[in-house]
Amino acid sequence: MTALVQHWCDGKLWTGTSGRTAPVTNPATGAVTAHVALADIGDAQRVIGAAAAAFPAWRDTSVAKRAAILFRFRELLNERKSELSEIITREHGKVLHDALGEVGRGQEVVEFACGIPHLMSGRFTENASTKLDVYSIRQPVGPVAIISPFNFPAMVPMWFFPLAIATGNTVVLKPSEKDPSAALWLARLWAEAGLPDGVFNVLQGDKIAVDELLTDRRIKAVSFVGSTPVAEYVYATATAAGKRVQALGGAKNHALVLPGADLDLAADAMVNAGFGSAGERCMAISVCVAVGAIGDELVAGIAARTRSIKTGDGTGDADMGPLVTRAHRDRVASYIEAGLVAGAELVVDGRAVEADGSPDGFWLGPTLLDRVTPEMSVYTDEIFGPVLAVVRADSYDAALELINDNPYGNGAAIFTNDGGAARRFQNEVEAGMVGINVPIPVPMAYYSFGGWKASLFGDAHAHGADGVQFFTRGKAVTTRWPDLSRSGLELGFPQNT
Ligand code: NAD
């Protein structure tokens with residue numbers, strides 16, 4: 001009998017009453033390591049109830065006290081992040097140093113949120129009209145839901161909950177059922193940091209739990225990250241229920257390499273950004289667009305580096321781990337096959353990989369396909385695996401048109417030594433995050449993370465100024481204190497005098 005990964009409700013572990021569970025596997029061994037509770041509607045309502053009950057007191061807790069708890073959470077996380085990384089590697093499969101990197105990027109958002117006294121301050125105008133003052137305040141929205149994907153079980157929740165909590169909201173986090181334990185570890189850390197019970201809750205589950213979060217009237221805002229079809233559904237359902245929603249979806253990120261670029265730098269970048277975390281990153285480069293005559297040399301450089309990648313168990317010295325489930329591994333492999341049938345050239349075949357790990361792991365080595373064309377499914381679909389497609393283009397304009405015609409618009413990068421071309425690209429490309437000689441342009445915590453087009457539904461990006469805005473509502477207050485010289489009836493619309 002394996003352990004049960006439970007809910008975290010009102011400051012305590014809770015089994016729930018549904019009796020439903022799903023297996024959690026270690027992708028490097030294929031072994032079932034635990035089962036995760038899957039909430040039914042009643043379980044979801046109880047956890048939402050805990051967040052709703054904790055809201056009034058947390059909302060009225062001083063900004064200074066909230067910031068002090070965030071500072072303690074940051075210190076504990078910094079001291080113990082290797083524990084969290086091990087949990088991530090065990091359930092997701094990514095190599096340990098990559099898991100540690102994920103936690104580090106999440107920690108940056110915690111650090112940003114520690115500045116909440118400054119971030120939440122409003123404005124004040126004395127004598128906006130005679131003896132009348134106006135000021136603005138920002139208030140929390142209420143209990144909020146965070147629904148996260150499997151590929152960043154710690155960082156993606158941390159894009160949202162530090163600011164949600166800092167601004168005075170209470171949280172229900174619904175992690176991916178594929179790697180649910182990181183969320184519980186974070187819940188315990190909050191408790192240790194002194195967060196009152198009920199402010200941070202974890203609801204384990206699947207669509208049933210999600211649907212309840214999207215429709216229960218006590219939840220006021222939803223931050224979702226996952227695939228585009230689910231993001232669209234979440235956005236439509238939760239906005240129809242009157243909630244504020246940011247739903248980040250899938251991606252197909254292109255890197256354009258121009259003649260004259262440093263091809264060694266570009267080849268390194270394609271391999272790092274294409275195969276890091278086995279391509280299971282929403283900011284992975286999955287399409288390299290080689291412009292003009294550099295194509296052959298660039299592909300040769302990428303191929304040599306791709307062949308040197310060591311695939312294996314993330315707890316060892318591998319560069320790249322397994323895929324998250326066997327079904328996902330097989331789905332990604334089927335795209336390679338479909339690409340070959342459609343006429344792509346197989347330069348490096350990951351299907352034949354000899355991984356350094358258990359024979360039952362969900363292995364697929366890095367795969368490089370050249371001469372991919374926009375009609376092929378390996379180009380049109382988000383594959384979310386270690387498959388890098390090279391598309392050849394005749395000119396900058398043709399390459400830009402290809403990128404802008406793609407339905408996704410998360411990240412895009414250009415590799416060039418031509419400052420004018422880089423500046424044009426930054427101006428013209430239709431993507432929310434742009435890299436110039438940087439393959440994975442994930443913004444710092446004090447900027448905001450988010451894509452365009454089918455990569456984000458809603459207006460607000462994650463963290464940074466958008467995050468503060470998303471988790472708060474503005475109020476403008478107009479005040480006048482009794483002054484006998486200004487009394488008397490006046491029924492006209494207020495004028496500034
Ligand atoms: P997913 O869409 O399958 O699941 C995301 C969350 O939604 C999970 O918590 C899951 O339990 C829930 N869910 C799944 N199906 C649902 C349904 N039918 N109804 C309601 N809820 C449902 O995504 P995933 O496979 O866990 O993660 C990978 C996807 O996430 C990729 O598409 C990737 O690009 C995307 N992603 C995007 C970003 C971004 O910033 N845009 C970041 C990370 C991941």
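The values are calculated or read from the model by the stated rules, or taken from the named source; none is laboratory data. Being a predicted model, the structure only gives us computed values, none of them experimental. Ideal geometry is used to build each Cβ from the backbone, glycine not excepted, and the neighbour counts take in all protein chains shown. In case anyone asks, the SASA skips ligands and DNA or RNA and just uses the protein heavy atoms, side chains included. Shrake-Rupley method; radii C 1.70, N 1.55, O 1.52, S 1.80 Å.
A compact table of results
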item: Some residue of segment 373-385 being out of contact with any strand residue (DSSP E or B) (no Cβ under 8 Å at 6 or more places or on another chain) and assigned to a helix (DSSP H, G or I); result: yes
item: Subset of segment 383-413 (residues that are within 13 Å of the ligand (Cβ to nearest atom) and crowded, with 21+ Cβ neighbours inside 10 Å); result: Ile383, Phe384, Gly385, Tyr408, Gly409, Asn410, Gly411
item: Odd one out for Pro359, checked against (1) open to solvent by less than 60 Å² (accessible area, probe 1.4 Å); (2) not in a strand (DSSP E or B); (3) not charged (D, E, K, R); result: (1)
item: Condition check for Asp370: open to solvent by 20 Å² or more (accessible area, probe 1.4 Å) and of a type in the set (Asp, Glu); result: no
item: Close pairs (6 angstrom Cβ cut-off, 6 or more residues apart or separate chains): open to solvent by 20 Å² or more (accessible area, probe 1.4 Å) in segment 220-231, of a type in the set (A, V, I, L, M, F, W, C) and more than 7 Å from the ligand (Cβ to nearest atom) anywhere; result: Lys220/Val141
item: Residue count for segment 440-476, restricted to those that are away from the ligand (no atom under 16 Å from the Cβ) and either of a type in the set (A, V, I, L, M, F, W, C) or open to solvent by 10 Å² or more (accessible area, probe 1.4 Å) (or both); result: 9
item: Filter result for Gly292 (closer than 20 Å to His97 by Cβ, among the small types (Gly, Ala, Ser) and touching a residue at least 12 places away in the same chain (Cβ under 8 Å)); result: no
item: Strands (runs of 3 or more DSSP E) within segment 1-43 that include 1 or more residues over 26 Å from the mean Cα position of the chain (by Cα) and under 28 Å from Ala54 (Cβ atoms); result: 3-5, 12-14, 20-25
item: Residue satisfying condition, being in contact with a His (Cβ under 6 Å, 6 or more places away or on another chain) and either more than 30 Å from Arg473 (Cβ to Cβ) or buried (at least 24 other Cβ atoms within 10 Å of the Cβ) (or both), within set Val257, Val289, Val234, Val271; result: Val289
item: Helices (runs of 4 or more DSSP H) lying entirely in segment 217-325 (those with 1 or more residues that are within 16 Å of the ligand (Cβ to nearest atom) and of a type outside the set (Val, Ile, Thr)); result: 228-240, 263-275
item: Within segment 148-167, considering residues that are assigned to a loop (DSSP other than H, G, I, E, B) and either under 16 Å from the mean Cα position of the chain (by Cα) or surrounded by fewer than 24 Cβ atoms within 10 Å (Cβ to Cβ) (or both), the one farthest from the ligand (Cβ to nearest atom); result: Ala154
item: Scope segment 190-219; condition of a type in the set (A, V, I, L, M) and either surrounded by fewer than 20 Cβ atoms within 10 Å (Cβ to Cβ) or within 20 Å of the chain's Cα centre (by Cα) (or both); matching residues; result: Ala191, Ala193, Val202, Leu203, Ile208, Ala209, Val210, Leu213, Leu214
item: Within segment 352-392, considering residues that are among the hydroxyl-bearing types (Ser, Thr, Tyr) and within 23 Å of the chain's Cα centre (by Cα), the one farthest from Thr315 (Cα to Cα); result: Thr380
